[in-house]
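> Pasting in a structure now, in C-alpha cells, and then I'll have a few things to ask.
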Amino acid sequence: MPSWAVIITGGSPLVDGTRDRLPGDGPQDRYVIAADSGLDHALAAGIRPDLVVGDLDSVSAAGVAWAREAGVPFEVHPTDKDLTDTQIALGAAWSRQLANVLLVSGGGDRLDHSISALTTLGHPSLGDCRSVLAFWGTALVHVLHAPGYWEIDMAEGTTFSLLALHGECTRVTLDGARWPLADAVIEPASSLGVSNVSDGSTRVSLGSGVLTLIVPHHLVPPPRPAPTGAPT
C-alpha cells in the first residue's frame, strides 16, 4: 500500500522538476490524486494520476480522454458544491488512510483558492498523518500538528518562517536557527516566526495548535549556465 498521497491541484502549471522531487520510494509508494485541471498539470509534468476528482469544469477534454483511455478512475462531483476540488481530493486521501500527504500546486491563479487550500492542511482529520506537506509554487510548506517534534531538512543559510495560520500555537521551541525560540507562544497575527535562517539542523517542537513552516524558495532550480559567448 502506498504511504504517500500526492494531490495535484489546478491553477498553474507545476514548477519544473516537480516529479523528481516527489517523496516516497518511487511511483509505487505514491497514490496520486488529480483535482480537476490538476490532471492536465500532472500529465504535463510526467506524473500519472491514480484518481481524478472534482466537477471537471476546468480540465481539458484531451486530459479527460487520456485518463479514461488509460483506465484512471474518476469521482465526479456537481459544480454547485460546498467543497473545493482540492478539499475533495484531500478527503479522498484521508478516506484511504494514507500516512503522508503532499499537496502540489504551481502556485495558483487565485489568492482565495491558495489560502483555502493551504489552510485546509491544518484540518484536524490530518492530525494523525506522519507528514503534511505542500509544494506551492517554489515554496515548501510543512504543516505541523501538535503535539510533536520535527527535524526539518534545510541547508545552512535557508530562509524560513513559522506562521500560526490556524490559531494560537503554544510551547513552540525552535533550535538550529539564527533566532531560536524556547517555549514561545505564536499568535495568528504575530511576526515572531517570520524570516528566520536555518543553520542546517533545524528542529521544532510544538505543544498545542497547528504551526505552518514555509521555505519560500525551496523549489527554485539552480541557474543554468549561459551558452558560450552569450552575455551574462
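The values are calculated or read from the model by the stated rules, or taken from the named source; none is laboratory data. Small disclaimer: the values here were computed from a predicted structure and weren't measured. Please note: Cβ atoms are built from the backbone with ideal geometry, for glycine as well, and neighbour counts cover all protein chains shown.
> Name every residue in region 48-71 that is on the phi > 0 side of the Ramachandran plot, in a loop (DSSP other than H, G, I, E, B) and surrounded by 15 or more Cβ atoms within 10 Å (Cβ to Cβ), in order of residue number.
Answer for region 48-71, where residues must be on the phi > 0 side of the Ramachandran plot, in a loop (DSSP other than H, G, I, E, B) and surrounded by 15 or more Cβ atoms within 10 Å (Cβ to Cβ): just L56.
> If I filter region 73-85 for residues that are part of a helix (DSSP H, G or I) and modelled with pLDDT under 90, do I get at least one hit?
So far as region 73-85 goes, yes, one or more of its residues are part of a helix (DSSP H, G or I) and modelled with pLDDT under 90.
> Restricting the search to region 100-109, which residues are at pLDDT below 90 and surrounded by 12 or more Cβ atoms within 10 Å (Cβ to Cβ)?
Start the filter on region 100-109 by keeping residues that are at pLDDT below 90, which leaves 107-109.
Scanning region 100-109 gives G107, G108.
> Taking into account only those residues within region 163-188 that are of a type in the set (G, A, S) and within 22 Å of the chain's Cα centre (by Cα), which is surrounded by the fewest Cβ atoms within 10 Å (Cβ to Cβ)?
Out of the qualifying residues, it is G167.
> Could I ask something else about it? Looking only at region 1-47, filter to residues that are farther than 24 Å from I115 by Cα and touching a helix residue (DSSP H, G or I) at 6+ places or on another chain (Cβ under 7 Å); which one of those is surrounded by the fewest Cβ atoms within 10 Å (Cβ to Cβ)?
Ranking the candidates gives G46 first.
> Quickly run through region 86-109 and pick out the residues that are outside any loop (DSSP other than H, G, I, E, B) and touching a Gly at 6+ places or on another chain (Cβ under 7 Å). Lay out the reasoning, then the answer.
Step one: of region 86-109, the residues outside any loop (DSSP other than H, G, I, E, B) are 86-95, 100-105.
The answer is I88, S105.
> Could you give every pair whose Cβ atoms fall below 6 Å, whose first residue belongs to region 162-177 and is under 23 Å from D199 (Cβ atoms), and whose second residue is hydroxyl-bearing (S, T, Y), counting only separations of at least 6 or pairs across chains?
L163/T212; T173/S205; G176/S201; G176/T202; A177/S198; A177/T202
> Something else: Hey, does region 134-146 have a residue that's outside any loop (DSSP other than H, G, I, E, B), surrounded by fewer than 16 Cβ atoms within 10 Å (Cβ to Cβ) and either at pLDDT below 95 or not assigned by TED's automatic domain parsing to the domain that holds T18 (or both)?
No; the residues of region 134-146 include none that is outside any loop (DSSP other than H, G, I, E, B), surrounded by fewer than 16 Cβ atoms within 10 Å (Cβ to Cβ) and either at pLDDT below 95 or not assigned by TED's automatic domain parsing to the domain that holds T18 (or both).
> Only one of (1) touching a residue at least 40 places away in the same chain (Cβ under 8 Å); (2) of a type outside the set (D, E); (3) surrounded by fewer than 19 Cβ atoms within 10 Å (Cβ to Cβ) fails for S116. Which number is that?
Unmet condition: (1).
> Next question. Just to be sure I understand, how many residues within region 94-116 are farther than 21 Å from V15 by Cβ and either of a type in the set (G, A, S) or not assigned by TED's automatic domain parsing to the domain that holds P2 (or both)? Even if it seems obvious, please write down each step before you answer.
At the first step, the residues of region 94-116 found to be farther than 21 Å from V15 by Cβ are 94-99, 112.
Then drop every residue that is not either of a type in the set (G, A, S) or not assigned by TED's automatic domain parsing to the domain that holds P2 (or both), which leaves 95, 99.
Residues that pass the stated criteria total 2.
> Can you tell me which condition V53 does not meet? The list is (1) free of Cβ contacts under 8 Å to residues at least 24 places away in the same chain; (2) in contact with a helix residue (DSSP H, G or I) (Cβ under 9 Å, 6 or more places away or on another chain), and all the others hold.
(1)
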